[in-house]
Amino acid sequence: MSPESLAALVTVALEPLGLPEAELHRRLSAAGVKDPASVLGGMSRDGLMRVERRQWVLTPAGHQALRDAESALAGAHDPSPTSEGMEECPSVPWLTQVQTHWVEALSINYAVEPERLARLLPAPLEPEVFRGSAWVQVLMSSLRDMRPQGLSPLLGMCFYQVSYRAAVRYRNASGAWRRGGYFVRSETSDPLMRRVGNALKEFKFHEFGEASMVMAREGDLLTAAVDPEPAFPGGKLVGVFDTRPSTRPPAGSVWTGLEDLHEPLVECYDALGVAEGFVYVLTIDREPWNAHFVTPVQLYCEYFDTGPLAPGARLDSVLHLTECAYRWRPLRRERHAQ
């Protein structure tokens with residue numbers, strides 16, 4: 001459909017009772033349509049518009065054409081489009097479509113050796129390499145009012161969560177590459193959320209752990225701490241961060257600014273899991289991250305200092321963000337290349 005035809009459909013659709021021809025011509029001309037009469041003649045011949053009582057209105061076919069155009073436009077801007085052969089497979093369709101709100105969060109960005117990260121990934125996932133390194137983000141967040149979509153916030157859960165998200169990619173059965181995040185480790189402060197997460201196939205990553213956690217603020221200083229249960233060793237984290245915002249990365253970072261790391265580390269909407277010959281894709285639709293570089297005053301992260309990605313792990317930068325709403329789409333899955 002041409003831009004001029006789409007402009008005509010939208011213009012008429014905005015007036016359910018129709019538009020007189022002179023006014024329609026005026027609006028289309030103002031929108032940049034050079035020959036409104038020709039465009040309207042073509043729309044009439046195609047059965048998308050007609051004149052009723054001297055008013056131009058959409059036909060049922062015109063309404064459908066507009067819906068098709070809207071769907072195509074949304075698909076073109078979908079950060080996680082559904083590929084051929086992908087199917088929905090939510091555990092409980094209503095229960096597992098979740099919405100929540102990040103009150104405050106940290107993204108602690110580590111550059112790691114691709115070979116070491118690859119050992120932690122199930123096939124067919126492989127590390128994405130940017131600027132010569134693989135990347136794992138420690139995402140620690142204070143979550144508010146997590147609940148199935150449609151429920152009142154009063155029925156939601158508030159808790160802390162920390163996830164170690166590796167930037168990965170895989171090739172699906174049709175040969176196309178898809179990127180996303182794979183959580184090599186996660187803990188929550190809430191025992192109920194841990195049990196729910198481990199019971200749902202939406203979390204086909206690993207076993208959720210449980211930990212004592214805190215995020216406490218004193219002025220510009222934000223303290224974050226994670227002390228995991230003995231059954232989940234290796235995840236101690238203690239950090240103090242000066243959250244005065246900066247648009248510039250720290251000295252030694254491979255990124256030149258926020259825009260530079262946006263696609264590799266921020267524009268990641270799919271959480272991936274692997275089981276039974278499928279890659280499971282849990283997509284998060286969220287508001288834009290209101291992120292800024294911040295300065296770590298003190299930081300100890302056991303997973304990178306002495307854990308499976310050490311030696312060779314290097315702290316690159318830390319992002320701080322606040323007030324970000326998000327929701328889950330229904331879980332999907334697709335076959336991967338063998």
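Rule-based calculations on the coordinates, nothing more; no lab input. In this text the structure is predicted, and so the values were computed from the model without any measurement. Ideal geometry is used to build each Cβ from the backbone, glycine not excepted, and the neighbour counts take in all protein chains shown.
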Open item on the list: Rounded to the nearest 5, what % of DSSP beta bridges with both residues in the chain are antiparallel?
Closed with: 95 percent
TODO: Name the residue farthest towards the positive end of the dipole of the chain from the options Leu151, Phe304, Pro228, assuming +1 on Cβ of Lys and Arg, -1 on Cβ of Asp and Glu, about the Cα centre.
DONE: Leu151
Open item on the list: Report the Cα centroid-to-centroid distance between segment 111-156 and segment 284-338 in angstrom, as an integer.
Closed with: 5 Å
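Tell me the net charge near Ser163. Cut-off is 12 Å between Cβ atoms, Ser163 excluded, with +1 for each Lys or Arg and -1 for each Asp or Glu. Show your work: numbers first, answer last.
On the way: positive: Arg165, Arg185; negative: Glu187.
Overall, the nearby charge balance is +1.
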TODO: Run the dipole for segment 3-76 about the Cα centre, Lys and Arg Cβ at +1, Asp and Glu Cβ at -1, nothing else charged, and hand back the magnitude in debye, nearest 20.
DONE: 160 debye
Open item on the list: Residue by residue through segment 251-256, what is 3J(HN,Hα) from phi via Karplus (6.51 cos²θ - 1.76 cosθ + 1.60, θ = phi - 60°)? Round to whole Hz and write x for glycine and proline.
Closed with: 4, x, 5, 7, 8, 8
Task: Calculated over segment 44-183: convex hull of Cα atoms, volume per residue (Å³) - done: 227 Å³
TODO: Could you pull out every residue, at least 5 positions away or on a different chain, whose amide H is within less than 5 Å of the one on Trp255? Hs are placed 1.01 Å off N in the peptide plane, and Pro or chain starts have none.
DONE: none
- [ ] Can you tell me the 0 to 90 degree angle between the C-alpha axis of helix 36-45 and the longest principal axis of the chain, rounded to 10?
- [x] 90 degrees
TODO: Can you check what the net charge comes to around Ser189, using other residues whose Cβ is under 12 Å from the Cβ of Ser189 (Lys, Arg +1; Asp, Glu -1)?
DONE: -4
Open item on the list: Using only the alpha-carbon atoms, what does segment 167-256 span along each of its principal axes? Please give whole angstrom values in decreasing order.
Closed with: 50, 39, 20
TODO: May I ask for the angle, rounded to the nearest 10°, between helix 60-76 and the longest principal axis of the chain, with both axes built from Cα atoms and the value confined to 0 to 90°?
DONE: 30 degrees
- [ ] Report P(r) for segment 219-338: all Cα-Cα distances, bin width 10 Å, range 0 to the bin holding the largest distance, values in whole percent.
- [x] 11, 28, 38, 20, 3, 0
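In square nanometres, what is the average projected area of the Cα convex hull of the chain? Kindly include the intermediate steps, with their values, before the conclusion.
On the way: hull surface 87.0 nm².
That works out to 21.8 nm², a quarter of the Cα hull's surface.
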Task: Selected from Phe208, Ser189, Ala313, residue furthest toward positive end of dipole (segment 184-338; charges at beta carbon) - done: Phe208
Task: Hz values of 3J(HN,Hα) by residue in segment 14-21 - Karplus curve (6.51, -1.76, 1.60), Gly and Pro given as x - done: 6, 10, x, 8, x, 10, x, 4
TODO: In debye, nearest 20, what is the charge dipole magnitude of the chain about its Cα centre with +1 on Lys and Arg Cβ and -1 on Asp and Glu Cβ, if you could check?
DONE: 460 debye
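Need one number: the % of Cα-Cα pairs in segment 95-149 sitting beyond the 19 Å mark.
Working: 752 of 1485 pairs.
The calculated P(r) of segment 95-149 puts 51 percent of pairs beyond 19 Å.
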Open item on the list: If you split all Cα-Cα distances of segment 3-76 into 5 Å bins from zero, what percentages do you get per bin, shortest first?
Closed with: 3, 18, 31, 26, 16, 5, 1, 0
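So, counting K/R as plus one and D/E as minus one, what does the shell of residues with Cβ under 12 Å around Leu321 add up to? Before the final figure, lay out each step's value.
Values: positive: Arg286; negative: Glu104, Glu287, Glu323.
Here the count lands on -2.
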Task: Residue-wise HN-Hα coupling along segment 133-143, computed from phi with Karplus coefficients 6.51, -1.76, 1.60 (Hz; x: Gly, Pro) - done: 10, 7, 9, 10, 9, 8, 9, 10, 9, 9, 9
